[in-house]
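Just so it is clear, none of the values below were taken in a lab; they were calculated from the coordinates. On a predicted model such as this, the values are computed, not experimentally measured, just so you know. Please note: Cβ atoms are built from the backbone with ideal geometry, for glycine as well, and neighbour counts cover all protein chains shown.
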Ligand code: 5GP
Ligand code: ZN
């Protein structure tokens, strides 16, 4: 989608530090890391938010979560623990309107968020 930062990351017109890519998803480091490990996992398809993810997207969701699972292991987080975040809509704090999941870890995380 034109003017979407994450579509630009998918097609390579916007540079990013990609950690994983396949035919469905891309994982890359967040530009403003909030933890030692802060990775974003996104579908290649432009889906605005989790609200638009349908039951037919089951395979995509499975791919997103298996990717997060593997990245967590690769970064030594499996035993330490970590957090997966999806911000949805204005009050949910979503700033980029291409659905994405944050993987945060490598430090002790507080709860609840602000
Ligand atoms: P949201 O608040 O929508 O859940 O999270 C959007 C995230 O995207 C933020 O953590 C922000 O730092 C990250 N971000 C925004 N623009 C870019 C960019 O151009 N490159 C990368 N790697 N991350 C970005
Ligand atoms: Zn997009």
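Figures for the structure shown
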{"read-out": "Zone of residue 21's modelled label, taken as backbone nitrogen in region 93-112 under 20 Å from a point 7 Å along Cα→Cβ", "value": "98-103"}
{"read-out": "Within the chain, helix-based [θ] at 222 nm, where runs of 4 or more DSSP H residues each add -39,500 (n - 2.57), nearest 500", "value": "-6500 deg cm²/dmol"}
{"read-out": "For the chain: relative contact order, % (alpha-carbon pairs under 8 angstrom, 6 or more apart)", "value": "30"}
{"read-out": "Alpha carbon Rg of region 5-105, scaled by the compact-globule rule 2.2 N^0.38 Å", "value": "1.01"}
